[in-house]
Amino acid sequence: MAGAAERPLSPHLQIYRPMLTMMMSIVHRITGVALYFGTLLLVIWLVAAASSPAAFDTVNGLYGSWIGLLVLVGYSWALIHHALGGIRHFIWDTGAGFGPEAREWMARATIGGSIGLTILLWIIIWLVKG
Amino acid sequence: MSTSSGSTSMRTPRRRVAGLGSARSGTGHFWLQRVTALSNLILVVICLPIVIGMAGQGHAGVVATLGNPLVAIALLLLLLSVCMHMRIGMQVVIEDYVHAEGAKVLALIANSFFTIAVGFAGAFAILKISFGG
């Protein structure tokens, strides 16, 4: 590229052995991007509700289908995982949690917590729906 | 490593002529990402029970729930907070992976268009329902 300086390159992904903390960092970004497009699901649902009962029923039917529910479960997991990852970043922002044990523990808590809370969420939804 | 010049400067000649260094907007975005992350967290916790309550309800039930001003305000705040967070978050992703100048600028513009359009569409829908439409 014209005018580009010869900057030193930092080592990238292929250099490193995959680690849990590294995977959590990557998944945080992937879930962020997924949620970016997932917000559309909420807005489509809201616009349908504002349009007409028929439009709302169509969207509700789509979301209630097995593939729709699969997407919603994935969306809720991404939201919870990204939220827990965000809390981890808040802890790091205070300067705490950078030690080998703490960061490993928090990485496990993020993945375990997100899966556990997603299951809990859908049990609650299932109970409310009856 | 440096073969073209003896200088240790990381700035390109063009940057040096144009007097451009750091964009000086990095910390602003960093802070806004944290603030909106906190508001996202608070608002999701508030809105989650509302959304769960609406699960499986028909159109009339959902419209009645969204007709409550407190529900509408909470959802509007969530949407605003989420869309701001989405916009600067995606901007970081684009700046990390899209290096061609033209594609990067177009992607950044598309990011602004998308997040603002999504936010306004959602806000309009909430307001229309809440105002009784």
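The values are calculated or read from the model by the stated rules, or taken from the named source; none is laboratory data. It should be emphasised that the depicted structure is a prediction, and the values quoted were computed from it without experimental measurement. Positions of Cβ are generated from backbone atoms using ideal geometry, with glycine treated the same way; all protein chains shown enter the neighbour counts. Note: areas computed on protein heavy atoms with side chains; ligands, DNA, RNA excluded. Shrake-Rupley method; radii C 1.70, N 1.55, O 1.52, S 1.80 Å.
Annotations
- Sites B:Glu95 and A:Ile123, calculated FRET efficiency, Cβ-Cβ separation with R0 35 Å, nearest 0.05: 0.30
- Solvent-accessible surface (1.4 Å probe) assigned to A:Met23 amounts to roughly 80 Å².
- Between A and B, accessible area buried - total, square angstrom, nearest 100, 1.4 angstrom probe: 3200 Å²
- Exposed-site-free run, longest, chain A (rule: chymotrypsin sites (Phe, Trp or Tyr not before Pro); DSSP loop; at most 13 other C-beta within 10 Å): A:17-97
- In this structure, A:His89 and B:Val17 have a Cβ-Cβ separation that, at R0 = 45 Å, corresponds to a calculated FRET efficiency of about 0.75.
- Probe 1.4 Å - accessible area at B:Met84, Å² to nearest ten: 80 Å²
- Carbon and sulfur %, accessible surface of region A:1-70 computed with the full protein complex present, 1.4 Å: 73 percent
- Between region A:1-70 and region B:79-96, the Cα center-to-center distance that results, in Å: 11 Å
- Accessible surface, per residue, of the protein assembly as shown when the full set of protein chains is kept, probe 1.4 Å, Å²: 61 Å²
- Farthest toward the positive end of the dipole of the protein assembly as shown, out of A:Ile125, B:Cys83, A:Ile15, is the Cα of A:Ile15, where the dipole comes from beta carbon charges about the Cα centre.
- Residues of region B:102-133 with amide N under 19 Å of a point placed 7 Å along Cα→Cβ from B:Ile50: B:118-133
- Long hydrophobic helices in chain B: the complete DSSP H runs spanning 27 Å or more by Cα along their own axis with mean Kyte-Doolittle hydropathy of at least -1.0 are B:26-54, B:69-97, B:101-130.
- Calculated over chain B: convex hull of Cα atoms, volume per residue (Å³): 160 Å³
- Shape summary: region A:29-130 maps onto an equivalent ellipsoid whose semi-axes, from the alpha-carbon gyration tensor, are 33, 15, 10 Å in decreasing order.
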